[in-house]
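Let me begin by presenting the structure, written as structure tokens, before commenting on it.
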Amino acid sequence: MTPSISQSALNNWVGTAGTRLVAGDRAGLGMPAYSVVIPVYNSARILPELHRRLTAVMQGLGKPYEVIFVDDCGRDNSWHVLQELATGDPAATAIQLMRNSGQSNATLCGLAHARGGIIITMDDDLQHPPEEIPALIEALGPDVDVVMGVPKEKKHNWFRRLGSNVMHDINCYLLGKDRNLRFTSFRLMRRAVVDGLLTLRTLSPALGPMINSVTHRIINTTVKHAPRKEGRSGYTFRRLFSQTMSNLIGYSMLPLRLLAIMGALGIILSVTFAVVLVVRYFMGGINVPGWTTIALLLVLISGFNFFAFAIIGEYVLRILQRVNATPQYFVRTRITSTREGADHHAVG
């Protein structure tokens with residue numbers, strides 16, 4: 001006889017901040033075929049329409065599904081709207097974070113709670129039309145792990161499009177990514193990819209490069225892209241610059257190796273300069289006592305400093321990648337609708 005699992009035990013299992021679900025724990029629990037993860041930030045007016053359209057699409061697939069909304073502590077009443085949606089829809093789960101953690105961390109929180117064999121992520125602003133989800137599913141072939149929806153024509157403003165192109169070029173250069181492959185937040189992933197993704201620990205996650213480090217079986221498929229219905233994009237110059245630097249430092253050794261090259265060049269130049277100064281000294285071209293010694297020491301030490309900092313940085317970065325266990329987010333409340341009613345699970 002199969003032992004039953006109490007609701008409180010299941011809540012404790014998936015409700016803890018940063019909980020990681022592994023394949024063996026899911027066996028036999030009747031998990032859904034699809035999980036849709038949506039990070040939410042200042043989208044109170046859009047959420048009812050998003051939920052209505054998404055529900056119609058997912059029900060049309062004819063398989064069990066769940067929708068996980070993660071409230072990233074915006075300034076509007078998104079959480080109150082999510083509470084109503086979660087208590088009225090058995091397929092919906094609403095998670096509230098303790099503080100604003102960023103879109104990537106909110107998405108990772110949803111992925112950690114997702115139970116489906118296929119996981120879909122999308123934005124909350126309806127620029128990713130729910131009606132395009134079947135196109136992602138159709139593109140998932142047997143040799144494909146991740147499908148990313150690329151819009152035929154982006155409806156972002158010029159600054160957002162420019163920022164996306166810059167990020168794309170940087171990712172291609174630093175990660176050795178195919179220039180024809182685009183990273184987007186409208187994506188479909190197999191369970192194994194999500195499990196691998198959740199084992200990666202970084203305080204400033206960039207999901208595109210992280211997914212690329214888990215699997216290279218990634219393809220693009222063309223989808224529609226709708227204009228933003230409410231509000232304005234949160235992608236400011238500061239945020240785009242921060243994300244660019246995060247990718248540059250967090251997922252590439254290029255800055256450290258540039259420092260090492262600069263150090264090596266400094267050493268070569270200092271040796272060359274030293275030869276010139278010594279020749280001039282013996283030819284009587286330097287009349288200031290001690291000038292040659294001071295100049296040689298300054299140039300030589302500067303070169304060695306660059307080189308030493310690069311080597312130390314290599315070690316520090318690799319150590320941090322191994323031992324960094326700082327939580328990426330903290331869950332405050334999880335609400336899901338059941339036949340017995342709404343379940344409120346708070347994490348202290």
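Among the helices (runs of 4 or more DSSP H) confined wholly to the stretch 117-222, which include 3 or more residues that are at pLDDT 90 or above?
133-139, 191-197
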*Kindly indicate the residue of the stretch 296-324 that is among the polar types (S, T, N, Q) and assigned to a helix (DSSP H, G or I) and also modelled with the highest pLDDT among those meeting that condition.*
Asn305
*asked:* Quick check on Leu111: is it outside any strand (DSSP E or B) and on the phi > 0 side of the Ramachandran plot?
replied: no
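Residue-by-condition table, conditions (1) under 10 Å from Pro39 (Cβ atoms); (2) surrounded by 21 or more Cβ atoms within 10 Å (Cβ to Cβ); (3) of a type in the set (Phe, Trp, Tyr):
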| residue | (1), (2), (3) |
| --- | --- |
| Asp71 | yes, yes, no |
| Arg75 | no, no, no |
| Leu82 | no, yes, no |
| Ala92 | no, yes, no |
*asked:* Can you pull out every residue in the stretch 179-212 that is of a type in the set (Gly, Ala, Ser) and closer than 20 Å to Ala106 by Cβ?
replied: Ser185, Gly196, Ser204, Ala206, Gly208
*Looking only at residues in the stretch 32-50 that are touching a Leu at 6+ places or on another chain (Cβ under 7 Å) and within 17 Å of Gln96 (Cα to Cα), which one is surrounded by the most Cβ atoms within 10 Å (Cβ to Cβ)?*
Val40
_Selection within the stretch 325-341 - of a type in the set (S, T, N, Q) and either assigned to a helix (DSSP H, G or I) or at pLDDT below 70 (or both)_ = Thr326, Thr338
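The values are calculated or read from the model by the stated rules, or taken from the named source; none is laboratory data. All of these numbers come straight from a predicted model, not from anything done at the bench. Reconstructed Cβ throughout: ideal geometry from the backbone, glycine too, with neighbour counts over all protein chains shown.
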